[in-house]
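**Q** Structure provided below as structure tokens; questions to follow.
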Amino acid sequence: MINRVLIRLKIIQLIYAFYQNGNKNIDSAEKELLFSLSKAYDLYNYLLALMVAIKDYAERRIEVGKKKRIQTEEDKNPNTRFVDNMFIAQLQTNKQLNEFVGNQKRNWVDDDEAFIKEIYDQIIESNLYKLYMVEENPTYETDREFWRKLYKTFIYNNESLDQLLEEQSLYWNDDKEIVDTFVLKTIKRFDPKNGTDQELLPEYKDEEDLEFARRLFRTSIMNADEYRQLINESIKNWDIKRIAFMDMVVMQCAIAELINFPNIPINVTMNEYLEIAKYYSTPKSTGFINGTLDAIIKRLQKQSLLAKK
């Protein structure tokens, strides 16, 4: 699940903090990086558990209605289509997800029921929900697609949820947008034939991505003086002291990747770090970083120090 886009973002964040906090211990900084990445995987599982918590809340609402002294027709004969959804039933019994939930001190039901109520009330007022509740002969595929649409509509861009997550963990500040894409991918991967053994996305696709994180982080810091000298030699009519510190960190990491990872194409590295610059730096930074890195690439190629295209 933790891909290289997320790894690069985390490395930029942690290297920026490394310098700002005056931290000179690279080993402890690397541990902080790996912990930060593991928290992103926790968020992935936590958001999957949110869907189950919404379904559980709906079930409790039905049970409360059955116990009312004065009941409406809906209380007496509730439409259970939502709580009987086949996809969410499979997710609720998923072994990997339940192992994660069982190891957490915090859970949606006990700690954040007010938010669950808020999002559930929004769902039941939506046309998406109303149409689903009267749909004839639902299949597993329609049930799964219903939850994919619910997630995109009510969880993907939810300011209340973003604030709630930020209060729970500082590590989740910038993670949700990327993690959301993996939750949606997971929903599409679910197959009823897999039952409770349906595989969730692994924390890392393979050991290569974990090694990429460690090596990029270390080379970016250990060769900082060399990379900053390259930057200094490649800027024209510009005092290096005037460059925004975040721009320096972005370029420092980009140069580390260009030099130390010959299997990653130059255009991939360039595009990734320019996207990061759009997110973290000033509006004018992207053009400056693009021009500076382009000059550095030409210099390195001329010196035969860049063994890739």
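Quick note: the coordinates plus some simple rules give every number you see, no bench work behind them. Model, not experiment: these values are computed from the prediction. Neighbour counts run over all protein chains shown; Cβ positions are idealised from the backbone, glycine included.
**Q** Among 199, 125, what is the fewest-to-most ranking by other Cβ atoms within 10 Å?
**A** 125, 199
**Q** Please list, short to long, the whole-number percent of alpha-carbon pairs of region 1-106 in consecutive 10 angstrom bins beginning at zero.
**A** All Cα pairs, binned at 10 Å, distribute as 12, 28, 22, 17, 11, 7, 2 percent.
**Q** What FRET efficiency comes out for the pair residue 70/residue 121, r = Cβ-Cβ distance, R0 = 22 Å, nearest 0.05?
**A** 0.55
**Q** Please list, by residue number, every one of the trypsin sites (Lys or Arg not before Pro) in region 1-109 that is coil in DSSP and has at most 11 other beta-carbon atoms within 10 Å.
**A** Answer by residue number: 24, 67, 68, 69, 105, 106.
**Q** Taking the alpha-carbon distance from residue 278 and a cut-off under 13 Å, which aspartates and glutamates remain once sequence neighbours fewer than 8 residues away in the same chain are dropped?
**A** 247
**Q** Rounded, prolate or oblate: pick one for region 133-214, where a ≥ b ≥ c are the square roots of the eigenvalues of its C-alpha gyration tensor, a/c under 1.5 means rounded, and failing that, prolate if a/b is larger than b/c, else oblate.
**A** Since a/c reaches 1.5 but b/c is at least a/b, the shape of region 133-214 is classed as oblate.
**Q** With the chain treated as a Gaussian network of Cα nodes joined by springs under 10 Å, which of 244, 213, 53 yields the largest mean-square fluctuation?
**A** Among 244, 213, 53, the largest mean-square fluctuation in the Gaussian network model of the chain belongs to 244.
**Q** Angle, helix 207-222 long axis vs. longest principal axis of the chain, Cα atoms, 0 to 90°, nearest 10?
**A** Tilt of helix 207-222: around 40 degrees.
**Q** Given axes a ≥ b ≥ c from the Cα gyration tensor, I'd like to know whether region 223-302 is rounded (a/c under 1.5), prolate (a/b larger than b/c) or oblate.
**A** Oblate, because a/c is 1.5 or more while a/b does not exceed b/c.
**Q** Angle, helix 245-260 long axis vs. longest principal axis of the chain, Cα atoms, 0 to 90°, nearest 10?
**A** 80 degrees
**Q** Which ordering of 133, 86 is given by a fewest-first count of other beta-carbon atoms within 10 Å?
**A** By the 10 Å Cβ count, ascending: 133, 86.
**Q** Considering only Cα-Cα distances, which of the following residue pairs are longer than 20 Å: 152/176; 10/188; 149/205; 236/302?
**A** Flagged as over cut-off: 10/188; 149/205.
**Q** For 222, 248, which order do you get if you count the other beta carbons within 10 Å of each Cβ and list the fewest first?
**A** Listing 222, 248 from fewest to most nearby Cβ atoms yields 222, 248.
**Q** A follow-up question, please. Among the lysines, which fall within straight-line cross-link reach of residue 76, defined as a Cα-Cα distance under 21 Å, with same-chain neighbours fewer than 8 residues apart omitted?
**A** 55, 66, 67, 68, 130
**Q** Relative contact order of the chain, please, whole-number percent, based on alpha carbon pairs below 8 angstrom and at least 6 residues apart.
**A** 22 percent
**Q** Can you compute the modelled spin-label distance between residue 110 and residue 303, with each label point 7 Å from Cα toward Cβ, in nm?
**A** 5.8 nm
**Q** Output the relative contact order of region 1-88, whole-number percent, from Cα pairs under 8 angstrom with separation of 6+ residues.
**A** Rounded, it is 25 percent for region 1-88.
**Q** Where the only charges are on Cβ atoms (+1 Lys, Arg; -1 Asp, Glu), what is the dipole of the chain about its Cα centre, to the nearest 20 debye?
**A** Here the chain has a charge dipole of around 880 debye.
**Q** What does the net charge come to around residue 286 if you take all other residues with beta carbon closer than 13 Å to its beta carbon, with K and R at +1 and D and E at -1?
**A** Residues close to residue 286 contribute a combined charge of -2.
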